[in-house]
Each structure stands twice: as C-alpha cells, then as structure tokens.
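The values are calculated or read from the model by the stated rules, or taken from the named source; none is laboratory data. Remember, it's a predicted structure, so these values are computed and weren't measured experimentally. Because the Cβ atoms are built from the backbone with ideal geometry, glycine has one as well, and the counts that use them run over all protein chains shown.
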Amino acid sequence: MYEQELSMEHKVGQEQSVEEEKRGRQQPPVSYGIYGAASAVYALFYAFCLFRNASGITYPFFVAGTLLYFFYCMKKCRVPGREPAGFEGKGDTGRLTAVFYTAGILLLGLTVCLTDDEKLLWMTKTGIFFLTVTLVLRGFYRTGSWTFTTYLRGIFRSLLEALQCLDTPFRDAVSYFKEKGGVFANRKAAYAVLGFVAACPLLLVVMALLLSADAVFLDLLRKLVQGWDISTPVSVCLMIFVAYLLSYSFVRGLSTYRMPVSGPKEKKGEPVAAITCTLLVALVYFVFCAVQIAALFLGKMRLPEGLTWAAYARQGFFQLLFVCLINLALVLFCLAVFRESRILKGILTAISLMTYIMIASSAFRMILYIQNYYLTFLRLFVLWALLVIAAVFVGVILAIYRKRFPLFGYCTAVVTICYLCLALMRPDYWVARYDLQHAQVSAQQEVGSRYSDYHYLYRLSLDAAPVLLQEEAAKAWGSSSAMERYCSKVRERTEDMGLRNFNVSRWTAKKSLEEAQIFVEEAAGQPGAAKPLS
C-alpha cells in the first residue's frame, strides 16, 4: 500500500514538473530585466578578461566573476512550486560543501596564470567547467538524495537544457519590452529587430562565400575597408554575443526545468548473475595478483628467456591502468543495479582490494621504466592517475557497506585536491630537472643509456625554463639545436606580454632567458655547437 502511494506521488510530481516546465519555457521565473542585465554585464566582463588572453592574470578574476554571476542568479531565482534555491544539507554540511567547491574553483582559476603548459591549461579549464556546473546544480536543485549516476545525468541534462533554451534570450527580450511599452510594443518594430538579429550570422556566412567566389568583389571590398582594422571589434562583439547567449540560456534552462521527483529506487537486478560474473573475474585477478607479488615485488620468479627487467617493466602499466578503471566501473555498476547480497559485497570488496595490488604493480613498473628511460609528462601523469584511483577506491569500499555514502562528492573532492597538487607542482619543471640531472650522472659515470632526446625537452612548456636555461643545462645541451629552438619559443611567447595577459610562468621564463644569455652564447661558441642566439 505504501509503495502504491509513493508511486502515485512520484507520478503526480512528474506531471507537475512537466506542467511547470511548459509554463517556464513560455515565461521566465525571473524578470528578463534581471537575468538579461546580469548576463549582459557578465558577457562584457567575459570578453574583457579572456579576449585573446586565455591564460593571463585576468583569468582568476573571470572565474570569480562567473561564480558571482551564478550566485546572483541563484539568489534571484524563484521557481513556482519550488522553494528558493539554496545549498541544502544537514546542519552546515550544505554550506561547507559549497565553500569547498567555491574554494576549489577559485584555486584552479589561480593556477591558470601560474603555468604555460597547454596540457595543464586544458585539464584545468575542463575541471573548472564541471566543478562550476556541479556547484550550480547544488544551488538550483535539492541534491541530498542524488546518487553518483544522478549527478552525471544532472550535468548532462543541464547542458542539454541550455541548448534547448538558446532562443529564450530573444523571446524573453521581446516579451519584456512589449510589456514595458518600449520599441517592441509595436509588432512591426519587434519583427524588424528580430530580422536584423537573424540577418547578422546569415550575412557572415554569405559574405564569406561571396568573397571566396569572386576576386573582383573581394578586391572591391578591400578598397572600401582599406586602412580599417575591423577584425578586433568584430571578434569582440561576437565573443560578447556568444557569452551572453550561452550564459543566459544555461541559467534559463536551470530555472525553468525541474528534475523529476525521484523516490527511493528499488534495485531489481538478480545478485546471482552479478555474483557469477564477478566471481570469475575475481579468480583471474587472484592468480594475476599472486604472480605480481611473486615475480615483480619479491623477485621469486624467473623472467622468460631474453627478457630483461627493464623490458618487463616497460610493458603493462597502461593496460593495468585501464583494468583499474574497468574495476571501478564494474563495482559502481553492481552497486547501482543489483540487490544487496553479502556474497556480492564480499566479492566486490575482494576486487577492490586486488585493484590496489594492480595499482602497485603498474606504479612499480612505471618507476622502473622511468629509471631506465627517463621521465616524461605522460609517465608522471600515469603515476598521478594511479594515486587518484587508489584514493577513490577508499570511497568505493565505504560505499559498498554504507548506502548513503556521498560517493560523488568524495570522488569530486579527491580529484580536485589531487589535481590542484599536480597543477601547482608544474610537471614540466620536474620532468626537465629529473632528465637533466640523470643525464649528467649517466654521462659522468658512463653507465646506462646516455640521454639524447633533447628535442623532447625543447617541446616542454615555459614552466621548464628555470631548469633548461641554467648554466649546467646549457653545457648538457651542447651542440644540440634544440636549445636554440627553445630560446626562440621563450621569446615568442613572452614578446607581447603586458599587464592584462601577464603570466607568472612566462615572466619567469623571460627572466631566466635574460640571465642565461651569456651561458647560451658560450655553449654555442663551442666547437660544433649551435649558432649564437642573438
């Protein structure tokens, strides 16, 4: 009887959500004068901070401004049938979680202007994006009962809603000014403005096609605009327009769409099927882990003929990394789908514990490989990923025995903290330092393979400049033209650096190049060396 009433409430809640969503798509829950003005100010600020400046000193301010924009929209949001948006949780848990997310996003934004590494910049901005979306979801919806998969669906659905609301900035503006008795009170004037807005992107496409189709038309246009630099204002206006459109649509979608009311879901999967599958997998893992302990950790087993320990360590660490990820997905799937079973919990716990042996095996192989073949960003990143997976599995084991364990929040916290450590340590700096130190040791002791991959070093970011432009490094580079290329890259990336696009890593690289110029010239003056860098 209780389950029927719960099902009926769930159905009624879904019908109400659909009706409210339909009404919300016709009319925003907050006046366009509030959303529109806030989005316009945010778009202007966005363009000021990021126009041709993707990693300068203004990026942390852009991140802070983005959070202020969303917090303002959350405060103003009042959705029919829903309580005012806010961070819910037991006691101060909700507020503490919001503070953690906010601090993590701000710190990630700060690391952007501290590094020149494009790989780190891409990962950092991706992390900021997903953390911000998750934070905003916690503000607009009640997420206390959300599971790991519910959060993933919520993130995906919020982005989909933003795409579905791309037309709302124009429709809401027309409705708002029509009510205010402005220019849109006249239907013909409203349609004229809409036609002008629609013509702008169409004209860009048509003009591009016509200019490429006729040389005479292209020459005529060149003469008309000769001496005009229209690329900058056009790019700025386009950037402002896109930022306004996406920010307004995202907030509009969140404020009008209600996540379906979800009651406690009953797991319907038969645990016998999961037990059979996971037991077979666990048996294979048990044999594999026994081999790892005996052969790799204790050295009690002989390697196949012709296989050295360096070659043995070289193979397998990427495969083991993917197996660890498969184990994580397998455990989460079983926890989400199948009914509770003590046997299944025991097998999942065994798989999780054996994953630690695989993590140790992969890390041990990678360390042996680095000792023989030096360090790269990818090899360092693999070690970092293994550390993160090891920390995540602590939460996975707790989730096996505690139904309400906040696994998504735990995983988010672990990844955020570990990634902040990775970003702040600037991996390229330590890669260059490790490789050059071991290259000098191997050259002096004449043992092992001598380092020769200087072309990899010059491809490193400017984070490595304080190491690569030292006197010892200049002697190590010797006749290699790679150092000349690296110095040229430093000059190019620091040439137009001003106050708005100031970057700590590039500024440090510029100072290192100025101090190291004499060493570079001395190295270049050696017999057979590269030409002086003037």
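Selection of the stretch 37-78 for residues being closer than 21 Å to PHE177 by Cα, surrounded by 19 or more Cβ atoms within 10 Å (Cβ to Cβ) and among the small types (Gly, Ala, Ser) yields ALA38, SER39, ALA43.
Within the stretch 111-123, being part of a helix (DSSP H, G or I) and over 14 Å from THR66 (Cβ atoms) holds for THR111, GLU118, LYS119, LEU120, LEU121, TRP122, MET123. Of the helices (runs of 4 or more DSSP H) lying entirely inside the stretch 182-286, the ones with 1 or more residues being modelled with pLDDT under 75, assigned by TED's automatic domain parsing to the domain that holds ARG171 and not hydroxyl-bearing (Ser, Thr, Tyr) are found at 187-213, 215-224.
Restricted to the stretch 459-489, and to residues there that are more than 15 Å from LYS510 (Cα to Cα), part of a helix (DSSP H, G or I) and not hydrophobic (A, V, I, L, M, F, W, C), the residue that is modelled with the lowest pLDDT is LYS475.
Filtering the stretch 333-349 to residues that are surrounded by fewer than 18 Cβ atoms within 10 Å (Cβ to Cβ) and not hydroxyl-bearing (Ser, Thr, Tyr) leaves PHE333, ALA336, VAL337, ARG339, GLU340, ARG342, ILE343, LYS345, GLY346. Summed over the stretch 393-417, residues that are of a type outside the set (Ser, Thr, Tyr) and touching a Lys or Arg at 6+ places or on another chain (Cβ under 9 Å) total 1.
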